[in-house]
Each structure stands twice: as C-alpha cells, then as structure tokens.
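A short worksheet on the structure shown next.
The values are calculated or read from the model by the stated rules, or taken from the named source; none is laboratory data. Not measured: the values here are computed from a predicted model. Here the Cβ is made from the backbone with ideal geometry for all residues, glycine too, and neighbour counts use every protein chain on show. Just so you know, the surface numbers come from the protein's heavy atoms only, side chains and all, with ligands and any DNA or RNA stripped out. Shrake-Rupley method; radii C 1.70, N 1.55, O 1.52, S 1.80 Å.
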Amino acid sequence: MPDKRFEDRVVLVTGGGTGIGQSIALAFAREGALVVVAGRRTQELKQTVVLAREEGGRADACTVDVTDEEQVAGLMGTILDRYGALHVACNNAGVPGSGRMLHEFGAEDWRRVTDTNLQGVWLSMRHQIPVMLKQGSGAVVNVASIAGIVGYLNAAPYTAAKHGVVGLTRTAAIDYGPAGIRVNAVCPGPVLTPMLEQARRDRGPSADEFYLRNIPLGRLARPEEVASAVLWLSSDSASYVTGQALAVDGGWTAQ
Ligand SMILES: NC(=O)c1ccc[n+]([C@@H]2O[C@H](COP(=O)([O-])OP(=O)(O)OC[C@H]3O[C@@H](n4cnc5c(N)ncnc54)[C@H](OP(=O)(O)O)[C@@H]3O)[C@@H](O)[C@H]2O)c1
C-alpha cells in the first residue's frame, strides 16, 4: 500500500493529461489526494481521470488554456465551487521549443513558448496564491527544466522561459513564505514523454547522442521519477524547503 500523504488534499496539476503531468496526477491520486487535472485537450484529461479511478483514486478534469487569464481564473473558481480549497498546485503545463539557434527562432516561436511556459506559470500562481493566502497554507511546485538552471543547446526561448520560472519560484517563495506558502520548482532533464519525442524530431538524428553524452546516469528519466520529487516537495516531509529548484536530471547539471 502506498503512503497516503495527501489524504483529502485538493491538488491541481496543469498539463495533467499526458506525460509528466499525468504521472504526477496519478501519484497524487494513489496517495489519497483529490486531483484536478487541467489542460486544453479533454480526451487526454479524461484518460488520466479514468486511470486514477481505476486505481481507486479520486480525480476530476477541467479544460483550461493557461495562457488565457480568464480561463485560469475560471478554473480556480470551479475548483473552489466544487472542492472549497486548493492545498497543492503543480504548474506543469508546457510546450517544447528546440532544435534551432537563437537567431533562427522567430517572434512567433518566442511568444508561443514564453506565453505558455513562463506567463502561464505566472498567471496560474497569480490565481492560486490568493486562495492559499486565505487558507494560510499551501504548496506550489512549478515544473521548470534543467534549461532553467543552465544554458541548453538550441533552445533559446525555452531556456529563457524556464529560467524565468525558476526566478518566479524563488521570488514567490520569499513573498509568501511568511504566509505559510511554500513554492519550489523541479528541473527535469530529458524525460520519456510526448514532448521529448517532439524535441527528438526537432533536433534530428543526433538528439539521443546529445542527451546521453550529458547524463552521468546514462539514461533518460521516466515520468514517475519526476513525480516522486514533486510529491516530496509538496508533502509535509519538505515543510522547511522553499524557493528551491530541484534538479531531477541524472546528474546533467552536476557537471
Ligand atoms: N519531457 C522532458 O524531457 C522535459 C524535461 C524538462 C522539463 N519538462 C517540462 O515538463 C512539463 C511537462 O512536459 P511533458 O514532457 O510531460 O510533455 P507533454 O506530455 O507534452 O505535456 C505537456 C502538457 O502541457 C499541456 N499544455 C500545453 N500547453 C498548454 C496550455 N496553453 N494550457 C494548458 N495546458 C497546456 C498539454 O496538454 P494540452 O495540449 O491538452 O493543453 C500537455 O498535457 C513541461 O513544462 C515541460 O517543459 C519536460
């Protein structure tokens, strides 16, 4: 039997329909949380809900585009109407953006990547934190990337956005620590998900050589390995941890 560290906790996972977000959502559900998964595609969200329920967990789906403030506000309203609280928010929604040099990305690429990966996280926190302030507690975990800690080859807008997420995380930890709200980030290296498949296509045949050359553990991550770090940061076991950007990267950023 898994631990039930999140029994009766209301947890929001953006981008919870696929990849790392789905794994995070299922891990929370296994540990007793009521998980709300949010993203743009209904079918993917429903699939996560079905998987969580099959394992005896509680889950719900809400569609949202995190780049649209009205929708983000609406999502928080729905969660409060249905469940009356938000104990943990995992801001995981993101889009890929790699495979070219800085000067080869256009303004549209820049907007697409930063709107979701940076502004989307800011908008999400902007509407989650007031709820946590009223409660007097809460935990936020943002999914950044190793590209939020170090430079990342041929991924300028993505790297800028993820560095921004780490900056937002640290600042929010300072702003809201006195109110009992902890804010941390996880920074995964390459993880086996649909996004990595896209990145592999964008980078071409040398992609795997690039990844593996940089990973001391010598393999790509499984989504569950990121989920376990998110759950720890969200849990009472991390009660004195805030403002951190925790690399889950097989050693990539140790070099
Ligand atoms: N895979 C990796 O190697 C890796 C490494 C480091 C960090 N990360 C980060 O991990 C997070 C999850 O990525 P993943 O690898 O699991 O890829 P993924 O399977 O493509 O998941 C991304 C999720 O974000 C959602 N999303 C995208 N744009 C959105 C928007 N505007 N509004 C709401 N939801 C949106 C997508 O759902 P919809 O399309 O249905 O909205 C999707 O479920 C991302 O932040 C990514 O940058 C991934």
Enter the accessible area per residue of the chain (Å², integer; probe 1.4 Å; all protein chains in place). 45
Contour excess over end-to-end distance, with Cα ends at residue 63 and residue 174 and 0.36 nm allotted per residue: 36.9 nm
Take the alpha carbon atoms of the stretch 60-75, find their center, do the same for the stretch 153-220, and report the distance between the two centers in whole angstrom. 23
If contacts are Cα pairs under 8 angstrom and at least 6 residues apart, what is the relative contact order of the chain in percent? 20
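Taking all protein chains together and a probe of 1.4 Å, list 7, 54 from the most accessible to the least accessible. Kindly include the intermediate steps, with their values, before the conclusion.
Details: 7 100, 54 135 Å².
Listed by decreasing accessible area, they come as 54, 7.
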Neighbour count of at most 15 Cβ within 10 Å plus DSSP loop: longest trypsin sites (Lys or Arg not before Pro)-free window in the chain: 42-218
Could you give each residue of the stretch 72-77 its phi-based ³J(HN,Hα) in whole Hz, using Karplus coefficients 6.51, -1.76, 1.60 with θ = phi - 60°, and x for Gly or Pro? 5, 5, x, 4, 5, x
Helix axis angle, 120-135 relative to the chain longest principal axis, alpha carbon, degrees: 20
Which value in nm describes the separation of the simple spin-label points at residue 255 and residue 111, placed 7 Å from the Cα toward the beta carbon? 3.7
If one takes the longest principal axis of the Cα atoms in the chain, at what angle in degrees, from 0 to 90 and to the nearest 10, does the Cα axis of helix 19-30 lie? 30
In the chain the accessible area split gives carbon plus sulfur, as whole percent at 1.4 Å, a share of 52
Which sequence of 211, 240, 83 reflects their accessible areas, 1.4 Å probe, from the largest down? 240, 83, 211
Can you tell me which lysines have their Cα less than 28 Å from the Cα of residue 4? Leave out same-chain residues fewer than eight positions away. 46, 134
GluC sites (Glu not before Pro) within the stretch 196-255: DSSP coil, no more than 11 neighbouring Cβ in 10 Å: none
Taking Cα atoms only, helix 223-234 is inclined relative to the longest principal axis of the chain by an angle, in degrees rounded to 10, of 50
